[in-house]
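Structure in structure tokens, see below.
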2 protein chains.
Amino acid sequence: MRKNYIMTPGPVPISEEVLMEHGRPLMHHRSPEFSKIFIEVTDKLKKFMQTSNDVLILTSSGTGAMEAAVTNTFSVGDKVLVINAGNFGERFKKISAKFGLNVIALDYEWGDNANPADVKKSLDENPDIKGVMVQHSETSTGVINDIEAISKVVKGYPALMIVDAISGIGASELKVDEWSLDIVCGGSQKALSAPTGISFISLSPRACEAIEKSNIPKFYFDLTAAKKYSEKTPPQTPWTPGISIIVAMNKALDMFFEEGRENVYRRHRTLALAVQRACEKLGLELLVKDPGKRGVSVTSINVPEGIDGKLLTKTMRVKYGVTVAGGQGKLTGLIFRIGHLGYVGIFDVLIAISALEFALKEQGWKFELGAGVVEVEKVFMENNYLNE
Amino acid sequence: MRKNYIMTPGPVPISEEVLMEHGRPLMHHRSPEFSKIFIEVTDKLKKFMQTSNDVLILTSSGTGAMEAAVTNTFSVGDKVLVINAGNFGERFKKISAKFGLNVIALDYEWGDNANPADVKKSLDENPDIKGVMVQHSETSTGVINDIEAISKVVKGYPALMIVDAISGIGASELKVDEWSLDIVCGGSQKALSAPTGISFISLSPRACEAIEKSNIPKFYFDLTAAKKYSEKTPPQTPWTPGISIIVAMNKALDMFFEEGRENVYRRHRTLALAVQRACEKLGLELLVKDPGKRGVSVTSINVPEGIDGKLLTKTMRVKYGVTVAGGQGKLTGLIFRIGHLGYVGIFDVLIAISALEFALKEQGWKFELGAGVVEVEKVFMENNYLNE
């Protein structure tokens with residue numbers, strides 16, 4: 001008997017309530033029964049994203065929403081600024097280059113985040129930049145970008161502000177309207193804790209204007225078609241959607257609002273801090289040196305000398321049932337990542353750190369057994385998390 | 001208490017066994033546990049499609065696979081022949097035109113199917129045609145195309161043979177290798193009876209060669225990336241896939257092989273015949289006049305004069321819980337469609353016809369009450385279906 005615990009930055013654990021909704025017999029996607037849910041999910045996503053902008057639902061992974069943001073908004077040859085501090089910054093660069101955009105990249109060390117002053121400099125040097133793309137939470141490193149500050153800078157220029165908030169939104173603050181974010185991408189399987197397979201995207205009126213002028217060919221991800229179908233009575237999607245996932249999202253969104261936005265954020269902050277302090281207590285080094293740059297969705301831990309990182313995560317998974325993530329792109333083999341995102345509570349973090357302790361001991365890493373789990377408990381006590 | 005019955009050409013009813021697999025807690029898509037299932041599903045899909053070609057799994061509706069077939073195989077300006085006998089033929093035309101192909105259309109009346117001699121004529125007149133696109137089952141009308149005969153024609157020319165088999169494969173014969181089909185698209189939610197959200201696509205060695213030369217930009221649907229990831233150890237997808245749907249497909253594929261290909265085909269043939277004969281017995285006219293052109297996945301019935309088609313399907317759904325489909329595109333309001341595809345048995349057909357009788361009576365349509373359900377029973381008896 002081995003229980004399984006998923007502690008990655010997506011997919012994340014799913015509550016029994018959401019799983020049960022997801023497992024219901026399917027409705028037809030053009031039926032009034034489904035339309036009712038589709039309307040509810042769209043409305044709740046707007047509230048979730050804190051926006052009165054259009055929010056469209058796509059059947060794809062988050063990468064599909066990123067592609068839709070690029071191919072619907074720009075035309076071949078348009079100059080864009082991509083803020084790149086990790087694997088998903090690289091992805092925005094690749095997508096933009098693939099569809100013929102003129103990409104100016106603002107590259108940072110993986111583990112660092114973007115400096116709004118650099119964005120200002122790039123925009124001053126290239127006043128013809130049509131859009132700025134940035135990650136809210138960069139899943140490959142765990143840093144968080146200061147989207148509010150970056151957006152304030154971008155607001156002084158004609159460029160659109162495009163945010164991949166896939167692993168960030170719902171875990172930490174992102175005010176789409178208040179911060180003037182033109183396009184924001186999200187996914188079903190991150191802080192929302194629904195199954196994988198659905199992405200969503202918000203479009204400001206300025207983004208909608210840009211979409212009308214875009215000349216890049218698109219069909220499946222044509223947001224004009226998606227918008228047109230979403231405005232039908234009753235609202236629909238142009239193609240058959242991932243019905244069971246949207247139904248699951250409806251429940252997941254309810255659970256988000258029941259817990260309360262501030263409580264969800266606080267939970268994520270506390271869980272992240274517990275993981276980070278416990279890892280440091282075990283003598284491990286975090287990839288993101290500056291605590292102010294650390295996000296709350298995932299923690300990247302450097303694989304120390306003398307430890308086989310691949311074996312470490314394998315031991316955690318095979319012997320203890322705890323799945324964590326390895327590094328991506330150029331950090332493959334150099335870090336491992338513990339996700340603490342979505343339907344994750346204090347004892348999930350305790351389990352992850354305990355499994356990490358066992359796996360580290362197996363490779364002879366020196367630390368006092370139990371130091372990690374004690375630190376996890378301390379963080380919860382000190383932060384008064386248990387009294388809520 | 002109203003029980004619900006889904007009798008549309010997708011989504012289709014899902015067995016309890018498949019629903020339970022689909023409702024399981026999610027595995028991580030880069031874990032060995034999921035890789036094992038991913039390998040199994042890929043192998044079973046090859047067997048399902050009767051091919052040794054590469055089969056790639058995409059997280060999208062079937063339209064995504066159609067787009068992938070077009071954008072990965074051709075270059076801007078390439079001449080293609082689109083066989084168009086309905087809404088999904090139109091879709092291939094739209095996708096091809098959108099991505100800059102030079103589309104030669106072979107348009108048929110909706111309700112008719114393609115004549116292989118016309119295909120030969122088009123290819124003779126345009127020897128530079130690079131690909132022929134055709135529906136196996138045209139979901140909007142219910143006709144079936146003679147893919148074997150069309151492919152025999154195409155084989156004499158350099159063009160690639162591309163088949164949208166989304167609503168046909170698994171319900172009626174389609175031999176990918178034996179019939180030399182270069183690209184074939186399928187979906188999770190049709191004959192396979194899994195939830196919506198996954199499509200799959202097979203690629204012959206000739207198709208793979210064409211893919212290397214294609215210059216149309218693509219990213220999410222880049223089949224070269226999908227192929228590269230599918231060849232990793234262990235096999236993966238480039239982006240986060242619809243995990244729960246793939247897990248459900250694994251069970252659905254097992255159930256297909258347990259029932260046996262010939263038995264599944266026979267079941268679909270018999271169910272289709274029962275629906276068609278019962279409708280005629282009720283004095284209704286089928287859209288597809290020639291019985292030889294009728295497919296087995298869905299039956300299109302003309303809305304007779306004096307009957308409000310929209311009200312008819314609404315009555316069936318609201319009062320009797322039986323969801324059937326309306327017409328699509330230019331047949332909207334003129335036909336309704338009863339799906340008999342996937343996890344559908346003889347009593348599902350009996351229920352659909354019974355609900356149709358009640359709804360017809362309500363609008364004063366003249367027929368002997370029960371004539372439809374009696375005919376359904378007769379078809380099963382005459383075809384010796386009950387003795388198996």
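The values are calculated or read from the model by the stated rules, or taken from the named source; none is laboratory data. Quick caveat, the model's predicted, so the values are computed rather than measured. Heads up, the Cβs are rebuilt from the backbone with ideal geometry, glycines too, and the neighbour counts pull from every protein chain shown.
Can you tell me which residue within region B:2-27, out of those that are assigned to a helix (DSSP H, G or I) and surrounded by fewer than 17 Cβ atoms within 10 Å (Cβ to Cβ), is farthest from the other protein chains (Cβ to nearest Cβ)?
Among them, the one singled out is B:E17.
Take B:L203 and tell me if it is under 17 Å from B:K47 (Cα atoms) and modelled with pLDDT of 95 or more.
When the stated conditions are applied, B:L203 passes them.
Looking for whichever is surrounded by fewer than 21 Cβ atoms within 10 Å (Cβ to Cβ), modelled with pLDDT under 95 and under 18 Å from the mean Cα position of the chain (by Cα) here; the options are B:G321, B:G329. Which one fits?
Sole residue among the options that is surrounded by fewer than 21 Cβ atoms within 10 Å (Cβ to Cβ), modelled with pLDDT under 95 and under 18 Å from the mean Cα position of the chain (by Cα): B:G329.
From the residues in region A:217-244 that are more than 8 Å from every other protein chain (Cβ to nearest Cβ) and of a type in the set (A, V, I, L, M, F, W, C), which one is surrounded by the most Cβ atoms within 10 Å (Cβ to Cβ)?
That would be A:L223.
Give me a count of the residues in region B:332-362 that are surrounded by fewer than 23 Cβ atoms within 10 Å (Cβ to Cβ), among the β-branched types (V, I, T) and out of contact with any helix residue (DSSP H, G or I) (no Cβ under 7 Å at 6 or more places or on another chain).
Here the count works out to 2.
Next question, about the same structure. Whether any residue in region B:294-302 is assigned by TED's automatic domain parsing to the domain that holds B:H340, surrounded by fewer than 16 Cβ atoms within 10 Å (Cβ to Cβ), more than 30 Å from B:D43 (Cβ to Cβ) and of a type outside the set (D, E) is what I want to check.
no
Show me the helices (runs of 4 or more DSSP H) entirely contained within region A:28-134 in which 2 or more residues are surrounded by fewer than 19 Cβ atoms within 10 Å (Cβ to Cβ).
A:32-48, A:87-98, A:116-125
Can I ask one more? Could you give me the residue pairs with C-beta distances under 8 Å whose first residue belongs to region B:165-184 and is basic (K, R), whose second residue is surrounded by fewer than 24 Cβ atoms within 10 Å (Cβ to Cβ) wherever it lies, and which are 6+ apart or on separate chains?
Note: pairs meeting the criteria are B:K175/B:Q50; B:K175/B:E148.
So B:P195 clears everything in (1) within 13 Å of another protein chain (Cβ to nearest Cβ); (2) in contact with an Asp or Glu (Cβ under 7 Å, 6 or more places away or on another chain) except one condition, right? Which one?
Answer for B:P195: the failing condition is (2).
Next question. Which of (1) away from chain B (no Cβ under 14 Å); (2) in a loop (DSSP other than H, G, I, E, B); (3) out of contact with any helix residue (DSSP H, G or I) (no Cβ under 7 Å at 6 or more places or on another chain); (4) farther than 23 Å from A:E375 by Cβ does A:G283 not meet, given it meets every other one?
(4)
Would you say A:K310 is at pLDDT 95 or above, within 13 Å of chain B (Cβ to nearest Cβ) and surrounded by fewer than 23 Cβ atoms within 10 Å (Cβ to Cβ)?
For A:K310, the condition - at pLDDT 95 or above, within 13 Å of chain B (Cβ to nearest Cβ) and surrounded by fewer than 23 Cβ atoms within 10 Å (Cβ to Cβ) - is met.
Another question, then. With the requirement that a residue be small (G, A, S) and within 16 Å of B:V264 (Cβ to Cβ), what does region B:155-187 give you?
Those that are small (G, A, S) and within 16 Å of B:V264 (Cβ to Cβ): B:A165, B:S167, B:G168, B:G170, B:A171, B:S172, B:G186.
For region A:31-52, check the following and say yes or no: at least one residue is on the phi > 0 side of the Ramachandran plot, modelled with pLDDT of 95 or more and not assigned by TED's automatic domain parsing to the domain that holds A:I338.
Scanning region A:31-52, I find at least one residue that is on the phi > 0 side of the Ramachandran plot, modelled with pLDDT of 95 or more and not assigned by TED's automatic domain parsing to the domain that holds A:I338, so the answer is yes.
Does region A:159-166 contain at least one residue that is under 23 Å from the mean Cα position of the chain (by Cα) and within 14 Å of another protein chain (Cβ to nearest Cβ)?
Yes; the residues of region A:159-166 include at least one that is under 23 Å from the mean Cα position of the chain (by Cα) and within 14 Å of another protein chain (Cβ to nearest Cβ).
Check region A:232-239 and report whether any residue there is within 20 Å of A:H29 (Cβ to Cβ) and touching a Pro at 6+ places or on another chain (Cβ under 9 Å).
For region A:232-239, residues within 20 Å of A:H29 (Cβ to Cβ) and touching a Pro at 6+ places or on another chain (Cβ under 9 Å): present.
Further question on the same structure: Is there a residue in region B:88-111 that is under 18 Å from the mean Cα position of the chain (by Cα) and free of Cβ contacts under 8 Å to residues at least 24 places away in the same chain?
yes
Sticking with this structure for a sec: I'd like the full set of residues that are within 14 Å of chain B (Cβ to nearest Cβ) and of a type in the set (A, V, I, L, M), limited to region A:83-111.
Selection gives A:I95, A:A97, A:L101, A:V103.
Looking only at region A:281-306, which residues are out of contact with any Leu (no Cβ under 7 Å at 6 or more places or on another chain), farther than 18 Å from A:A85 by Cβ and touching a residue at least 12 places away in the same chain (Cβ under 8 Å)?
A:K281, A:G283, A:L284, A:E285, A:G306
Say whether the condition of being without any contact (Cβ under 8 Å) to a residue 12 or more places away in the chain and out of contact with any helix residue (DSSP H, G or I) (no Cβ under 8 Å at 6 or more places or on another chain) is met by at least one residue in region A:144-151.
no
Test B:K79 against the stated conditions and say whether it is more than 10 Å from chain A (Cβ to nearest Cβ) and within 19 Å of B:K251 (Cβ to Cβ).
no
Moving to a separate point now. Identify the residue in region B:136-154 that is among the polar types (S, T, N, Q) and assigned to a loop (DSSP other than H, G, I, E, B) and, among all such residues, is surrounded by the fewest Cβ atoms within 10 Å (Cβ to Cβ).
B:N145
Restricting the search to region B:363-388, which residues are of a type in the set (D, E) and out of contact with any helix residue (DSSP H, G or I) (no Cβ under 6 Å at 6 or more places or on another chain)?
Result: B:E368, B:E377, B:E382, B:E388.
Follow-up question, since we're still on this one. Can you pull out every residue in region B:332-361 that is acidic (D, E) and at pLDDT 95 or above?
Correct list: B:E357 only.
In region A:248-277, what residues are within 14 Å of chain B (Cβ to nearest Cβ) and under 16 Å from A:S199 (Cβ atoms)?
A:A248, A:M249, A:A252
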